[in-house]
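K.L.:
One structure coming up, written as structure tokens, with questions to follow.
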Amino acid sequence: MYMAPDNRGMTFIELIIVMVILSLAVVGLLGVLSMNVSQSANPLIAAQSLVIAESLLEEVEQQPFTYCDPTDPNVMTATSAASCATSSEDALPLGPKHGESRGSVTAPLDNVSEYNGLVMNPVTDLNGSVIAPGYKASIVVSQAGGLGGLDANDPLPLAGLLKITVTVTGPDGQAISLTGYRARYAPNTIP
């Protein structure tokens, strides 16, 4: 006589044990994923910080780099910083002169060296409108030491080459820095 095999399946207790084991595995996996996501840098914030830094670096590099302040009457004819009637842009410390500020209609920053020490919290456009809430930016402009001067007439040894460093800090506290250089290739050219 033929007897059929026993096809009864899993018991209720076996089913509960399998569900507990699978639940613990899923909870452990989700915990690891959550930890990785919370501790990784947000790529959107990093990308936005990079765009802001590039934009500010380009803004500074496109400014004139003349011997004299662009409002100086001798700006178009000066052959050195000593030829300026009022003030030289090479005067140390580098930074804004005559009450100039970024975005000002009456006294804007009008030379590369005047951006030294600029801090924006939050980052704004040239009109003063906040373009990146939660982001901070700072700009340092210094003489490029060790690279040699480009202009033999400069009274300061390396005044013909400036190093520009822009640092942007995102809302997550991560900072991105970009560095560029600006040479005095047209000392009498103003926009």
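What follows is calculated from the coordinates using simple rules that are stated; it is not laboratory data. Please read all numbers here as calculations on a predicted model, not as lab measurements. A quick note on method: Cβ atoms are made from the backbone with ideal geometry, for glycine too, and the neighbour counts reach across all protein chains shown.
K.L.:
Put +1 on the Cβ of every Lys and Arg and -1 on every Asp and Glu Cβ in the range 51-183; which of SER80, VAL166, GLY134 then has its Cα farthest towards the positive end of the dipole?
P.N.:
Highest projection toward the positive end goes to GLY134.
K.L.:
Set the Förster radius R0 to 45 Å, insert the Cβ-Cβ distance between MET19 and ALA46 as r into 1/(1 + (r/R0)^6), and round the FRET efficiency to 0.05.
P.N.:
Approximately 0.65, to the nearest 0.05.
K.L.:
May I pose another question? Once label points are set 7 Å from the Cα along Cα→Cβ at both HIS98 and GLU54, what is their separation, rounded to one decimal in nm?
P.N.:
3.5
K.L.:
Convex hull over the alpha-carbon atoms of the range 51-183: what's its volume per residue in Å³?
P.N.:
Cα-based convex hull of the range 51-183, divided per residue, equals 100 Å³.
K.L.:
Here is a follow-up. Between THR124 and residues 5 or more places away or on another chain, which pairs have amide H atoms under 5 Å apart, with H built 1.01 Å from N, and which residues are they?
P.N.:
So THR124 has HN proximity to ILE131.
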